[in-house]
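Have a look at the structure below before the remarks.
Read-outs throughout are calculated quantities, based only on the coordinates presented, and are distinct from any laboratory measurement. As the structure is a computational prediction, the values presented were derived from the model and not from experiment. When we count neighbours, we look across all protein chains shown, and the Cβ atoms used for this are built from the backbone with ideal geometry, even at glycine.
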Amino acid sequence: MAGRPHYYLHFLATFKSWSGKGSASAVLQPILDVADKTGIECYLEAAGEKLIPFYEKFGFVKKGRIDVNGDNTIVLVPMVRLPKERK
């Protein structure tokens, strides 16, 4: 991503009571719409491997795995999403 324009999606979280109700999707989708309109890719680090399927639904692709403290208790998953073609 170095040297290429991109949106860095820093943090997205919901309260447990809001999980599965579309809140995270409602926040994420407008950002992805802007990325698609401007032709800019997106980068994020998912906070754990359990979140990979959620981001894959939006077109993100896993690009690695970061074991933050060396014992697999804190894992970040770098993911990239290319902009969708404009119609």
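Work from the charge dipole of the chain (Cβ charges, +1 for Lys and Arg, -1 for Asp and Glu, about the Cα centre) and give the residue of Val34, Ala47, Val77 farthest towards its positive end.
Val34
Based on the inverse mean of 1/r over its pairs of different Cα atoms, what is the Kirkwood hydrodynamic radius of the range 6-81, in Å? If you can, show how the numbers build up before the last one.
Details: mean 1/r = 0.0761 Å⁻¹.
When all Cα pairs of the range 6-81 are included, the Kirkwood radius is 13.1 Å.
If I stretch the segment between Met1 and Ile74 completely, what's the gain in nm (0.36 nm per residue apart, minus their alpha carbon distance), one decimal? Can you show the working numbers first?
Values: separation 73, 0.36 × 73 = 26.28 nm, distance 2.29 nm.
Full-extension gain reported as 24.0 nm.
Taking the highest mean first, how do the peptides 53-66, 15-28, 32-45 order by number of other beta carbon atoms within 10 angstrom per residue?
Working: 53-66: 13.7, 15-28: 11.4, 32-45: 15.9.
Listed from highest to lowest mean packing, they are 32-45, 53-66, 15-28.
With labels modelled as points extended 7 Å from the Cα through the Cβ direction, what inter-label distance (nm, one decimal) is found for Gln29 paired with Phe58?
Here the modelled spin labels are 1.2 nm apart.
Using a simple charge model, +1 on the beta-carbon of Lys and Arg, -1 on the beta-carbon of Asp and Glu, nothing else, what dipole does the chain show about its Cα centre, in debye to the nearest 20?
On the way: 13 positive and 9 negative charges, 63 e Å.
Using Cβ point charges on Lys, Arg, Asp and Glu, the chain gives about 300 debye.
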